[in-house]
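As structure tokens, the structure follows; a few thoughts come after it.
We did not get these values from a lab; they are worked out from the coordinates using the rules stated. The structure displayed is predicted, hence computed values, not measured ones. Ideal geometry is used to build each Cβ from the backbone, glycine not excepted, and the neighbour counts take in all protein chains shown.
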Amino acid sequence: MTKIVGHRGARNLWLENSMEGFRKTLELPVDAIEFDVHLTDAGELVVIHDATLDRTAEGTGKVRSLSPDLRQAINLRGSQESIPTLDEVLGLFVSSRPVELHVELKADADGVPYEGLEALAAAALERHGLVVRSLLTSFNLDVLAKCRSVAPEIGRLCSINAKSAERLGVAATVARAAELADLVAVEKTLLAASAAEIEAIISRERLCCWVLNERAELEHWLGQGVGWITSDDPSLALAVRAASRDAAA
């Protein structure tokens, strides 16, 4: 059965990468929850998607420049919550039902991976006892290679879109991703255009298609039997999956 991943919690339903959003998403029978991690110059691991504050927080500037005090003083847009730390988010999942966690390691505002983020994120998962149900994820093949080196016991997921596949080409990127990662998540347009090429390299069970938010596309990719689907609206994805199961019964 295709598994459903809530993207940034469930960003079309609740505030992305927020504690409230994660709590609400846990009330859905999703199979996994994805979220993003940056490293500040002060040494904090913080959960936010963009490398800058402007879109999702009541502030401006680079995430990496946040001090702990400033982070706590800045609310997420439309919320009374501050930007959560990775420890806060993992603390929530420790006591939750055993949903899988897809922990994306982000780059800074210049697109440069944060030095040491792989080991720090792995240590946090170890500290909270969440290694067995977590994947470290990245678009960057070198980051994933470092994850494998510093924390071989933690599973990995490689995300691929047209931009990340430019340098090596689709086939070579997918082949290298398949070597480094347990799962390979391919953006829906690229996967549709290159399905035969990709499926010649990696089984559908190890493929994740993202980000699917419309009923028709969910029905299509569920029908293709990919292993995983990532959605901003996991409530819809779960409903479509249930309907497709009922139709097949």
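Observations
- Segment 93-249 shape via C-alpha gyration tensor axes, a/c threshold 1.5: oblate
- Label point 7 Å beyond Cα of S203 along Cβ direction - residues of segment 144-161 with amide nitrogen under 20 Å: 155-159
- Put a dot 7 Å past the Cα of S65, heading toward its Cβ, do the same for E166, and the two dots end up 2.6 nm apart.
- Subtracting the Cα-Cα distance of R215 and E20 from their residue separation scaled by 0.36 nm leaves 67.6 nm.
- Residue-wise HN-Hα coupling along segment 51-64, computed from phi with Karplus coefficients 6.51, -1.76, 1.60 (Hz; x: Gly, Pro): 7, 10, 7, 4, 6, 10, 10, 7, x, 9, x, 7, 4, 5
- With contacts taken as Cα pairs under 8 Å and at least 6 residues apart, segment 3-59 reaches a relative contact order of 30 percent.
- Virtual spin-label span in nm between E81 and E179, 7 Å along Cα→Cβ: 3.9 nm
- With helices as the sole contributors, the chain gives -10500 deg cm²/dmol at 222 nm; each DSSP H run of n ≥ 4 counts as -39500 (n - 2.57), and the sum is divided by every residue.
- Number of Lys pairs (Cα under 17 Å; 8 or more positions apart or on different chains) in the chain: 5
- Segment 11-44: GluC sites (Glu not before Pro) in DSSP coil with no more than 13 other Cβ atoms inside 10 Å: E27
- Near T52, the amide H atoms lying under 5 Å from its own belong to V63; only residues 5 or more places off or on other chains count, and H is placed 1.01 Å from N.
- Across the chain, Cα pairs under 8 Å and at least six residues apart give a relative contact order of 20 percent.
- Rg and Dmax [Cα atoms of segment 29-187; Å; Rg one decimal, Dmax integer]: 15.6, 46
- Segment 219-238 and segment 37-87 have their alpha-carbon centroids 30 Å apart.
- Summing Cβ point charges (Lys, Arg +1; Asp, Glu -1) relative to the Cα centre of segment 202-249 gives a dipole of roughly 200 debye.
- What the Cβ-Cβ distance of A123 and E88 gives, at R0 = 25 Å and to the nearest 0.05, is a FRET efficiency of 0.95.
- Segment 1-125: relative contact order as a whole-number percent, Cα under 8 Å and 6+ apart: 25 percent
- Spatially, segment 91-140 and segment 160-206 are offset by 22 Å when compared through their Cα centroids.
- Built amide H within the under 5 Å cut-off of E100, gap 5+: A32, I33
- Against the main long axis of the alpha-carbon atoms of the chain, helix 117-127 sits at an angle near 90°.
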